[in-house]
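The values are calculated or read from the model by the stated rules, or taken from the named source; none is laboratory data. Keep in mind that what you see is a predicted model, and the values were worked out from it rather than measured. Cβ atoms come from the backbone with ideal geometry, glycine included; neighbour counts cover every protein chain shown. For accessibility, only protein heavy atoms count, side chains too; no ligands or nucleic acids. Shrake-Rupley method; radii C 1.70, N 1.55, O 1.52, S 1.80 Å.
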Amino acid sequence: MRRQLLTGLLMTVVLTVLLGVVYPLAVTGVSQLAFAHKANGSFVKDKAGKVVGSSSLGQQFVDADGNPVAKYFQPRPSAYHYDAMSSGGSNYGPSNPRLIATCLKITDNKGVSCDPNTIPQRAKAYRTLNGLATDATVPVDAVTASASGLDPDISPANARLQAARVAKARGLSLTEVLALVHSNTADRNLGFIGEPIVHVLALNLALDKLA
């Protein structure tokens, strides 16, 4: 009995040291040596050296009232308001009325209104923001959140539709803004995996340097 107890205690100590101290230190050391930028949060700084976000996380570009700022490209929607502490998708199926209802009624301190997070309402808001026709085709990433709800990228089609609004708000030509969209577009991984993407934060920072 005593021998079994000592063996158990010894195993507990050894595994605690191995898995609770040695392994975490080894992983931390390798991450700091091999890819410190990503391991430390992939923080991005503006031209003044101030941290303004992370290249791995989507974020909003809104004013004090929560309205999209016209001079910035806007990210794809987030199921959890761009909160990295509670990321995730809505998990609603494609026929769920919370996604596809034209006007899902909600009641809050402002009265009764349509839920702005349904796809039809997001599409309506997107067209209004970008001055598009009421029947204009809207890119799917403009009205749906990613699995994490924190996707930092949008599709080139989404960026191009926003370009005219951004150009007007900044007093730039559409050609200049589209050129920045092109230069901030990443091709498919390895040339065939996934789709081309535009990193929203990087694009907006490039715009701030220009105007």
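Of all residues in the range 123-141, those that are in contact (Cβ under 8 Å) with a residue 40 or more places away in the chain and either touching a Ser or Thr at 6+ places or on another chain (Cβ under 8 Å) or at positive phi (or both) total 1. Restricting to the range 179-198, name every residue that is open to solvent by less than 50 Å² (accessible area, probe 1.4 Å), aliphatic (A, V, I, L, M) and more than 10 Å from P156 (Cα to Cα). Scanning the range 179-198 gives a single hit, L180. Looking at the range 86-139, which of its residues are within 16 Å of P75 (Cβ to Cβ) and among the aromatic types (F, W, Y)? Result: Y126, single match.
When the range 26-36 is limited to residues that are surrounded by 10 or more Cβ atoms within 10 Å (Cβ to Cβ) and not hydroxyl-bearing (S, T, Y), the one that is modelled with the lowest pLDDT turns out to be F35. What about A101, is it open to solvent by less than 60 Å² (accessible area, probe 1.4 Å) and aliphatic (A, V, I, L, M)? Judged against the criteria, A101 is a match. Screening the range 107-157 for residues that are acidic (D, E) and either touching a Cys at 6+ places or on another chain (Cβ under 8 Å) or farther than 18 Å from G58 by Cβ (or both) and picking the one that is least open to solvent (accessible area, probe 1.4 Å) gives D115. Just one of the numbered conditions (1) in a helix (DSSP H, G or I); (2) under 30 Å from L207 (Cβ atoms); (3) open to solvent by less than 50 Å² (accessible area, probe 1.4 Å) is not true of G8: (2).
Against the numbered list (1) surrounded by 14 or more Cβ atoms within 10 Å (Cβ to Cβ); (2) more than 18 Å from the chain's Cα centre (by Cα); (3) assigned to a loop (DSSP other than H, G, I, E, B), L57 comes up short only at (2).
Among the residues of the range 60-76, those that are open to solvent by 70 Å² or more (accessible area, probe 1.4 Å) and within 21 Å of S155 (Cβ to Cβ) comprise Q60, K71.
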